[in-house]
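Working notes, structure below.
The values are calculated or read from the model by the stated rules, or taken from the named source; none is laboratory data. Small disclaimer: the values here were computed from a predicted structure and weren't measured. Cβ atoms come from the backbone with ideal geometry, glycine included; neighbour counts cover every protein chain shown. The protein model used for the area step is the full one, side chains on, heavy atoms only, and it has no ligands, DNA or RNA in it. Shrake-Rupley method; radii C 1.70, N 1.55, O 1.52, S 1.80 Å.
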Amino acid sequence: MSFLEIFQYTRKDSIIHRLDPRSKMLFSVAAAAASLMFLNIIPLLIAFLCLIPIIAAAKSMKRWLRSMKGLSVLLVFIMVFNTLLSPVPNPFSHSVALTIRLVALMTSFSIFFLTVHPDQLSQALIQMHIKFEFAFAMSMAMRYVPTLAQEAYSIMDAQKARGVELDKGNPIRRIRNIIPIIVPLIIVSIRRALSIAESMESRGFGACEKRTYMDRLSFHKGDWVVMSVSIVVLVLVVYVRLFVALPEWMLWSLPL
Amino acid sequence: MTLVEFVDFSFKYLEADSLALKHINLKIDPGEYIVVTGPSGCGKTTLCRAINGLVPHFHRGYVGGHVYVDSKDTRNSEVAELATIAGLVFQDPSNQLVTLNVEKEIAFGPENLAVEPKEIRFRVEDLICRLKLEPLRDKHPHEMSGGEQQRVAMAATLALRPKILVADEPTSNLDPQSAQLILDLIADLNRQGMTVLLVEHRLDLVSNEASRLILMDKGSIVADGAPRDVLVQDLCQEIGVGIPKATQVYKQLKRRGVTLGRVPLTGKELAALVKEARQA
Ligand SMILES: Nc1ncnc2c1ncn2[C@@H]1O[C@H](COP(=O)(O)OP(=O)(O)OP(=O)(O)O)[C@@H](O)[C@H]1O
Ligand SMILES: [Mg+2]
């Protein structure tokens with residue numbers, strides 16, 4: 001699952017990291033739209049190649065390459081299957097285009113998730129008028145996933161030590177064996193949730209209708225540039241797709 | 001002026017069949033360092049909860065008597081309002097850290113109470129500096145040790161500028177070294193003027209610093225006074241409270257007819273007293 005790393009925030013000091021999450025969000029959407037509008041190798045390749053310098057500017061080239069390596073097996077698999085099963089005239093060419101599109105899509109969203117801290121994301125949502133409770137629930141989920149995972153492992157160990165065999169027997173048996181893990185995990189989680197609620201309550205959670213925020217996100221010059229470029233790209237791509245016939249060289253495809 | 005006052009306060013949890021607190025009368029003055037101890041289930045946690053209104057507002061039940069915190073009756077005050085007077089630190093640090101980094105964590109309380117952003121930033125930087133949290137600034141709570149988590153939880157509680165810090169067994173999940181660090185920090189805060197109520201079992205670590213020791217059993221306060229006066233009573237052993245080694249030695253010597261000049265709380269003190277006795 002190492003390819004998921006490109007959707008995981010990494011702390012770096014780069015121009016891209018410093019941008020406002022909202023402008024990055026628009027940019028990712030524009031980039032994704034660009035790759036969704038076309039199904040020819042050349043335009044997709046152009047869209048994709050435009051994203052590479054941005055990954056480099058975010059100082060995340062190494063991570064991106066590593067994830068792509070992890071993804072390569074899956075990509076080859078998709079390509080082979082698609083070529084064999086696709087009904088279109090040039091199935092191989094079509095598969096290559098689809099694969100480039102997939103990679104371009106992942107890359108455009110990875111630019112967002114690689115460079116936006118979950119805290120910034122929830123702050124951005126709040127400033128886009130999503131309710132605080134909702135945004136906070138999301139960041140709390142991220143906070144407690146590792147804690148609960150650890151708890152699940154320790155319960156598993158405890159039950160194994162008491163003779164519960166987790167990976168033996170037929171499927172039905174295996175499912176039944178999960179019960180001694182799930183039940184304590186639920187009980188422990190409820191107890192934890194109560195204790196968390198108690199601590200939040202004693203720190204004034206939900207006390208004021210209008211809560212304040214220590215740091216608010218704000219747009220800077222770079223954000224306006226990124227926003228304008230994204231909008232221009234978005235409009236241009238849609239316009240070209242709808243009203244302009246692509247030149248011959250852009251429609252080029254592989255002979256197969 | 002009294003900071004916290006329990007007047008004949010009793011409490012029974014909704015689902016429980018017996019009283020968790022029975023006719024508690026207790027006055028806490030500013031600047032005190034009170035240690036509360038007693039066997040499991042004797043009501044220490046309930047006592048802490050009563051100070052900031054979690055009992056009876058968050059944990060519902062039957063209430064008798066009153067608790068006044070800074071002259072406010074907790075029955076008629078909201079937990080959020082009381083939070084700026086009494087700050088609670090709980091036993092399990094991981095359940096007190098609800099955000100993804102230290103700055104956010106400290107800011108959480110003041111943000112909830114709509115404090116000015118500039119003021120919040122000031123408090124955050126101040127607490128990061130005072131509690132030496134700089135190295136943890138960018139860490140996910142899950143990547144911190146229990147002791148580090150508890151320090152952050154303490155900072156998050158102090159961010160509301162409470163007048164009394166109530167800590168319910170803050171060290172019981174920690175290794176001895178981290179526990180000592182937390183206890184040192186609490187003692188430091190008290191020296192800087194913070195009123196402290198600390199629930200703690202390891203009396204050998206805290207008796208020397210505390211100005212007052214309260215012993216609880218079965219929902220009642222059974223002893224309340226200067227640590228030396230309380231620890232020397234036989235009551236401690238009767239209800240199963242572990243007293244410091246030095247005090248134990250003092251009592252054994254006394255039983256065998258050797259009375260030292262004073263009740264010692266630490267080994268150092270004991271040694272000095274023995275030396276004194278030999279010279280005399
Ligand atoms: N949320 C609750 N609901 C019902 N009963 C409770 C609740 N919390 C505590 N009690 C009961 O109230 C009594 C006092 O509990 P409390 O937690 O205050 O004791 P404690 O001195 O803190 O114990 P410990 O040393 O184990 O932490 C106990 O009998 C306990 O079972
Ligand atoms: Mg307790």
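Given the criterion in the same structural domain as A:Ser14 (by TED's automatic domain parsing) and either over 28 Å from B:His142 (Cβ atoms) or open to solvent by 80 Å² or more (accessible area, probe 1.4 Å) (or both), identify the matching residue among A:Phe92, A:Phe112.
Only one candidate qualifies: A:Phe92.
Being modelled with pLDDT under 95, over 19 Å from the mean Cα position of the chain (by Cα) and not in a loop (DSSP other than H, G, I, E, B) is true for just one of A:Ile42, A:Ile6. Which residue is that?
Testing whether each residue is modelled with pLDDT under 95, over 19 Å from the mean Cα position of the chain (by Cα) and not in a loop (DSSP other than H, G, I, E, B) leaves just A:Ile42.
Look at region B:198-224 and say how many of its residues are more than 20 Å from B:Ile51 (Cβ to Cβ) and open to solvent by less than 50 Å² (accessible area, probe 1.4 Å).
2
Given region B:1-97, what strands (runs of 3 or more DSSP E) lie entirely inside it while holding 3 or more residues that are within 13 Å of ligand 1 (Cβ to nearest atom) and either more than 14 Å from every other protein chain (Cβ to nearest Cβ) or of a type in the set (D, E, K, R) (or both)?
Here the list reads B:4-13, B:21-28.
Every residue in region B:106-129 that is in contact (Cβ under 8 Å) with a residue 12 or more places away in the chain and away from chain A (no Cβ under 12 Å), please.
If the condition is that a residue be in contact (Cβ under 8 Å) with a residue 12 or more places away in the chain and away from chain A (no Cβ under 12 Å), then B:Leu127, B:Ile128 are the ones that fit.
Being modelled with pLDDT of 90 or more, within 14 Å of chain B (Cβ to nearest Cβ) and assigned to a helix (DSSP H, G or I) narrows it down to one of A:Met200, A:Met227, A:Met214, so name that one.
Exactly one of A:Met200, A:Met227, A:Met214 is modelled with pLDDT of 90 or more, within 14 Å of chain B (Cβ to nearest Cβ) and assigned to a helix (DSSP H, G or I), namely A:Met200.
With under 24 Å from A:Arg216 (Cα atoms) and more than 11 Å from chain B (Cβ to nearest Cβ) as the only criterion, which of A:Thr115, A:Thr107 stands out?
A:Thr115
So which residues in region A:20-39 are outside any helix (DSSP H, G or I) and either under 14 Å from A:Val226 (Cα atoms) or open to solvent by less than 10 Å² (accessible area, probe 1.4 Å) (or both)?
Listed by number, the list holds a single entry, A:Asp20.
In region B:148-156, is there at least one residue being away from every other protein chain (no Cβ under 11 Å), open to solvent by 20 Å² or more (accessible area, probe 1.4 Å) and more than 30 Å from B:Ala20 (Cα to Cα)?
yes
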